[in-house]
Amino acid sequence: MKPIICTNHESHRHFDFPDFEKSVRIRFGAIKAYPPVFLEINSVWATLRSADKAVMKKIFIANKVATPELCEFPHKEKLPLVFKTQNHTRGRGMYIINTVCEIANNAMAGYFEKFVESDREFRIHVMGGRVFYADEKFLKDGHVASWIKNKKHGYKNLNRGNVPQNVLIEALKAVTAIGLDFAAVDVGYNTKTKEVYVFETNTAPGLRTRTRAAYRSAFIDFINKKL
């Protein structure tokens, strides 16, 4: 039987999987309860931990994952800060805070973290305790650089290699800490200081032709090892 794919994202629906002897569910960001299967890839609990970014952040800190400093009691000495809503996604619900007044105006469900300088940013794809694909985010011609590096802000992901080793290490630590079988991890890197910052784990990353092919191979390998 073919794996059941639970997702709301169209790019996750077009896998040409072979048949497996036992039932398999792949959970792309879905946080609903489903009937039992023999193998579920990404449990609902791990997916929920990744979706609640405030919980995710605290898990990173507890497990010594390199991540921007959490500011539970923000004040002017910590400025500039970044405010993130609890369920921010795709660049939405994230704001730079430069003044004390802005701190007060953003006292809603979410958290503050120290703004960090990262001139490079990667999306590291992890499954079963190994990195199987890695992209770097590059600014397209004609666009203005942004601290939020995603498609909406003029960036594209390219598989160019040359990923610093500590970026890969921290991405693996992040996925393990949350308890996920797979995730795409957004990681910032400062080339001057060599510092690494894990921003978040993504359980429903958008897939292109090449990344979908890489996921298909990684899923088949993972499933075969588990069945």
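Residue order for His9, His14, His125, fewest other beta carbons within 10 angstrom first, comes to His14, His9, His125.
Each residue of region 18-29 was assigned a 3J(HN,Hα) from its phi angle through the Karplus curve 6.51 cos²θ - 1.76 cosθ + 1.60 (θ = phi - 60°); the sequence is x, 7, 10, 6, 10, 6, 9, 10, 10, 9, 9, x Hz, with glycine and proline shown as x. Here the spin labels are modelled as points 7 Å beyond Cα on the Cα-Cβ line, and at Asn166 and Val37 they lie 3.9 nm apart.
I'd like to compare 57-67, 170-180: which one has the highest average count of other Cβ atoms within 10 Å, and what's the full order after that?
Values: 57-67: 17.3, 170-180: 21.4.
Ranked by mean Cβ neighbours within 10 Å, highest first: 170-180, 57-67.
Summarising the amide proton neighbourhood of Glu69: residues at separation of 5 or more, or on other chains, whose placed amide H is nearer than 5 Å comprise Lys114. About the centre of its Cα atoms, the chain shows a dipole size close to 380 debye [charges on the beta carbon of Lys, Arg (+1) and Asp, Glu (-1) only; nearest 20 debye]. Set the Förster distance to 35 Å, then compute FRET efficiency between Thr99 and Lys140 from the Cβ-Cβ distance, nearest 0.05. Once the sixth-power term is evaluated, E becomes 0.65. Residues whose amide H lies under 5 Å from that of Glu200, counting only those 5 or more places away or on a different chain, are Asp186; hydrogens are built 1.01 Å from N in the peptide plane. Could you state the angle between the C-alpha long axis of helix 53-62 and the longest principal axis of the C-alpha atoms of the chain, as a value from 0 to 90 degrees rounded to the nearest 10? Helix 53-62 sits at roughly 90 degrees to that axis.
Rounded to whole numbers, the Karplus 3J(HN,Hα) couplings from phi for region 194-202 are 6, 7, 10, 9, 7, 8, 5, 9, 10 Hz, using 6.51 cos²θ - 1.76 cosθ + 1.60 with θ = phi - 60°, and x at Gly and Pro. By DSSP, the beta bridges lying fully in the chain are antiparallel in about 85 percent of cases. Residues whose amide H falls under 5 Å from that of Ala183, counting only those 5 or more places apart or on a different chain, are Val126, with hydrogens built in the peptide plane. Once you reduce region 166-183 and region 20-66 to the center of their Cα atoms, the two points are 13 Å from each other. Between 0 and 90 degrees, rounded to the nearest ten: what's the tilt of helix 165-178 against the longest Cα principal axis of the chain? Taking Cα atoms only, the helix is inclined about 70 degrees. 3J(HN,Hα) couplings calculated from phi for region 119-131 with the Karplus curve 6.51 cos²θ - 1.76 cosθ + 1.60 (θ = phi - 60°) are, in sequence order, 7, 10, 9, 10, 10, 9, 9, 10, 8, x, x, 9, 7 Hz; Gly and Pro show x. Between the listed residues Leu227, Ala33, His143, the Cα displaced farthest toward the positive end of the dipole of the chain, a dipole computed from Cβ unit charges relative to the Cα centre, is found at Leu227. From its DSSP helices (H runs of at least four residues, each -39,500 (n - 2.57)), the chain gives a residue-normalised ellipticity at 222 nm of -7500 deg cm²/dmol. With unit charges on the beta carbon (Lys/Arg positive, Asp/Glu negative), name the residue among Cys71, Phe122, Thr99 whose Cα is farthest towards the positive pole of the charge dipole of the chain. Comparing the listed Cα positions along the dipole, Phe122 ranks first.
Between Glu200, Glu121, Glu72, the residue with the greatest mean-square fluctuation in the GNM of the chain (Cα pairs under 10 Å linked by springs) is Glu72. Helix 209-226 and the longest principal axis of the C-alpha atoms of the chain enclose an angle of approximately 60°.
Every number here is computed from the coordinates shown, using simple stated rules; none is lab data. Just so it is clear, the structure is predicted and the values come from calculations on it, not from any experiment. Cβ sites come from the backbone with ideal geometry, for glycine too, and all protein chains shown count toward neighbours.
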